[in-house]
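So the structure is just underneath, and the comments pick up after that.
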Amino acid sequence: MYGTPHTVSDVMTRTVVALSGGAPFKDIAKAIRRWQVSALPVLDEDRRVLGVVSAADLLPKEEFRDGTPDRYTRLTRAADLAKAGARTAGELMTAPALTVRADATLAQAARTMARYGVKRLPVVDDTGVLRGIVSRSDLLQVFLREDADIAQEVRREIVAPLFPDPPEPLGVRVRDGVVRITGRVRDTALVPVAVRLTRAVEGVVDVDCALTGPRRHPDLDPDLPDTDDGGGAGADPQKARSSQ
């Protein structure tokens with residue numbers, strides 16, 4: 001249905017590699033390498049997400065393998081030192097886990113990833129049970145949408161309701177996700193609204209809006225200048241001559 005935003009459940013991966021809290025360090029490293037992922041969710045026995053273990057959580061063990069940390073390091077990097085001594089996923093994980101609901105919009109998921117600087121999010125239901133995982137690349141799927149589909153949605157959901165009776169037909173063209181809207185409308189106050197709504201359509205890369213107001217008729221209202229550009233048929237002859 002046009003105008004209905006996609007949700008995380010539309011793009012998430014439903015088969016997820018996960019760990020138990022008691023998973024040993026070496027098994028975590030093997031899973032990350034085997035499945036080529038940067039992080040894995042940690043689950044309890046009811047498949048509720050407890051936390052997340054990332055490749056970065058494993059690195060302190062190698063970093064602090066040699067030598068004894070000085071006092072400054074002990075004070076400023078206590079969390080990393082604790083991870084250096086960890087043996088299981090439950091000891092290594094970051095908790096509570098940062099998650100997203102399956103019914104969240106892609107924009108909501110993207111904002112969460114950007115705000116916390118993460119590359120993927122476990123997807124959970126109302127009770128916190130793992131249902132899938134969504135990554136940054138999953139969120140980019142909306143930009144694979146066909147130009148024709150985007151154009152149809154903009155015409156139907158935005159242009160037609162906002163400008164139901166334009167002085168002349170309005171044009172909507174989309175190329176490589178960039179929407180161009182042309183023509184004349186009766187109420188130019190609605191043009192910024194059209195731009196904002198169009199930019200929010202999934203798959204839109206940018207908006208090029210060339211909507212203008214209705215034509216002026218100097219013969220009917222001499223106090224208003226004609227708005228035709230380029231010295232066309234409706235241009236003021238006196239102005240055209242003075243510009244030469």
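The values are calculated or read from the model by the stated rules, or taken from the named source; none is laboratory data. In this text, all values refer to a predicted model and were calculated from it rather than measured experimentally. Note: ideal-geometry Cβ built from the backbone for every residue, glycine included; neighbour counts use all protein chains shown.
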**OP:** Go through the stretch 14-30 and count every residue that is modelled with pLDDT of 95 or more and out of contact with any Leu (no Cβ under 8 Å at 6 or more places or on another chain).
**Re:** 5
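Please indicate, with yes or no, whether at least one residue in the stretch 48-70 is touching an Asp or Glu at 6+ places or on another chain (Cβ under 7 Å) and of a type in the set (Lys, Arg).
Narrowing the stretch 48-70 to residues touching an Asp or Glu at 6+ places or on another chain (Cβ under 7 Å): 50, 60.
The next check asks that each one be of a type in the set (Lys, Arg); those that pass are none.
No: the stretch 48-70 contains no residue that is touching an Asp or Glu at 6+ places or on another chain (Cβ under 7 Å) and of a type in the set (Lys, Arg).
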**OP:** For Asp80, state whether it is loosely packed, with under 13 Cβ neighbours inside 10 Å and of a type outside the set (Lys, Arg).
**Re:** no
**OP:** Filter the stretch 101-154 down to residues that are closer than 19 Å to Val16 by Cα, of a type in the set (Ser, Thr, Tyr) and in contact (Cβ under 8 Å) with a residue 40 or more places away in the chain, then give me how many there are.
**Re:** 2
**OP:** For the stretch 113-140, enumerate the residues that are surrounded by fewer than 16 Cβ atoms within 10 Å (Cβ to Cβ) and under 16 Å from the mean Cα position of the chain (by Cα).
**Re:** Ala114, Arg115, Tyr116, Gly117, Lys119, Arg136, Ser137, Leu140
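Where residues in the stretch 165-189 are among the hydrophobic types (A, V, I, L, M, F, W, C) and surrounded by 14 or more Cβ atoms within 10 Å (Cβ to Cβ), which of them is farthest from Glu146 (Cα to Cα)?
Of the stretch 165-189, the ones among the hydrophobic types (A, V, I, L, M, F, W, C) are 170, 172, 174, 178-179, 181, 185, 189.
Pick out the ones that are also surrounded by 14 or more Cβ atoms within 10 Å (Cβ to Cβ) and you get 170, 172, 174, 178-179, 181, 185.
On the way: Leu170: 21, Val172: 14, Val174: 9, Val178: 11, Val179: 12, Ile181: 17, Val185: 27 Å.
Checking each candidate, the answer is Val185.
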Original post:
If the Cβ limit is 8 Å and pairs must be 6+ apart or interchain, which residue in the stretch 8-21 that is on the phi > 0 side of the Ramachandran plot pairs with which residue that is in a strand (DSSP E or B) and among the hydroxyl-bearing types (Ser, Thr, Tyr)?
Top reply: none
Original post:
How many residues, within the stretch 96-124, are assigned to a helix (DSSP H, G or I) and over 13 Å from Asp138 (Cα atoms)?
Top reply: 6
**OP:** Please verify whether the stretch 70-84 includes one or more residues that are more than 30 Å from Val142 (Cα to Cα), at pLDDT below 85, of a type outside the set (Gly, Ala, Ser) and assigned to a loop (DSSP other than H, G, I, E, B).
**Re:** yes
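Just the residues that are in a helix (DSSP H, G or I) and either surrounded by 14 or more Cβ atoms within 10 Å (Cβ to Cβ) or among the acidic types (Asp, Glu) (or both), please, taken from the stretch 30-60. Before the answer, list the steps.
Of all residues in the stretch 30-60, those in a helix (DSSP H, G or I) come to 30-35, 55-60.
Ala31, Ile32, Ala55, Asp57, Leu58, Pro60 - these are the residues of the stretch 30-60 that are in a helix (DSSP H, G or I) and either surrounded by 14 or more Cβ atoms within 10 Å (Cβ to Cβ) or among the acidic types (Asp, Glu) (or both).
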